[in-house]
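The values are calculated or read from the model by the stated rules, or taken from the named source; none is laboratory data. Being a predicted model, the structure only gives us computed values, none of them experimental. Cβ sites come from the backbone with ideal geometry, for glycine too, and all protein chains shown count toward neighbours.
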Amino acid sequence: MQRVLIVGAGGHAQVVADILLLLAASGDWIPVGYLDDNPELRGRSLLGLPVLGPLYERPAFPHDALVIAVGRNDLRQRLYGMLRAEGAHFATLVHPRATIAHDVVIGPGSVICAGAVVGPGARLGCNVIINTAATVDHHNRIGDHCHIAPGAHLGGDVQIGDGCLVGLGALIMPQRSVGAWSIVGAGALVHRSLPSGVTAVGTPARVIREH
């Protein structure tokens with residue numbers, strides 16, 4: 001059995017906690033509680049799990065793995081790098097009502113939420129979020145620290161670079177790519193590939209900002 005600490009105690013952390021609680025019924029996982037640096041949260045109970053204290057107190061709580069439950073990709077990346085350098089192990093969580101093809105590769109620390117679908121041949125990097133009811137079709141490549149938001153849909157053979165956010169309800173046509181650390185706005189339609197480091201919105205998606 002794996003004892004898991006949840007890093008973060010916000011809304012997404014409670015989504016992750018719900019997945020862990022469902023998986024705990026199989027006896028393979030034990031959710032220990034949340035770690036969050038907000039002192040006002042310490043001692044609270046969220047979904048029946050305690051907010052134990054700040055992240056630096058992690059060694060005080062026996063655990064086998066962590067899951068970083070923070071929505072912001074840049075912060076999630078920094079936490080992952082810091083904790084990995086300290087020797088942390090990361091849990092990979094798949095909601096029981098997600099549909100995952102048998103040959104999908106999922107990197108450590110990734111979370112796949114309820115109703116998500118990941119097709120054959122897909123490869124997901126580390127520390128990735130595939131959120132509620134998002135679909136990642138066959139032979140996609142999703143880079144590290146990405147967030148595919150609720151209801152986003154990616155066609156076949158899509159390439160998503162590290163750190164990308166694909167927003168709520170966005171659509172990416174087959175065989176298109178989105179460069180590293182780009183943002184696809186909510187409801188956008190990506191019909192042409194996007195470079196790295198841009199924000200694109202609209203239908204069809206157009207670049208409105210470089211960052």
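Some observations on this one:
- Residue in the range 165-179 that is over 11 Å from the mean Cα position of the chain (by Cα), of a type in the set (S, T, Y) and crowded, with 23+ Cβ neighbours inside 10 Å present: no
- Residues within the range 107-124 that are within 18 Å of P174 (Cβ to Cβ) and surrounded by fewer than 24 Cβ atoms within 10 Å (Cβ to Cβ), tallied: 5
- Verdict on L194 being touching a residue at least 24 places away in the same chain (Cβ under 8 Å), of a type outside the set (D, E, K, R) and either in the same structural domain as S110 (by TED's automatic domain parsing) or in contact with a strand residue (DSSP E or B) (Cβ under 8 Å, 6 or more places away or on another chain) (or both): no
- In summary, strands (runs of 3 or more DSSP E) completely within the range 3-71 and bearing 1 or more residues that are of a type outside the set (A, V, I, L, M, F, W, C) and closer than 25 Å to A98 by Cβ occur at 29-35.
- Pairs, first over 15 Å from V7 (Cβ atoms) in the range 37-57, second assigned to a loop (DSSP other than H, G, I, E, B), C-beta under 9 Å, six or more apart: P39/P54; R44/A9
- Whichever residue in the range 125-142 is in a loop (DSSP other than H, G, I, E, B) and under 11 Å from the mean Cα position of the chain (by Cα) and, among such residues, is surrounded by the fewest Cβ atoms within 10 Å (Cβ to Cβ): T132
- The residue list H63, H95 contains one member that is farther than 26 Å from I183 by Cα and either among the hydrophobic types (A, V, I, L, M, F, W, C) or crowded, with 17+ Cβ neighbours inside 10 Å (or both), which is H63.
- Selection within the range 95-113 - within 15 Å of H147 (Cα to Cα) and in contact (Cβ under 8 Å) with a residue 24 or more places away in the chain: G107, G109, V111, C113
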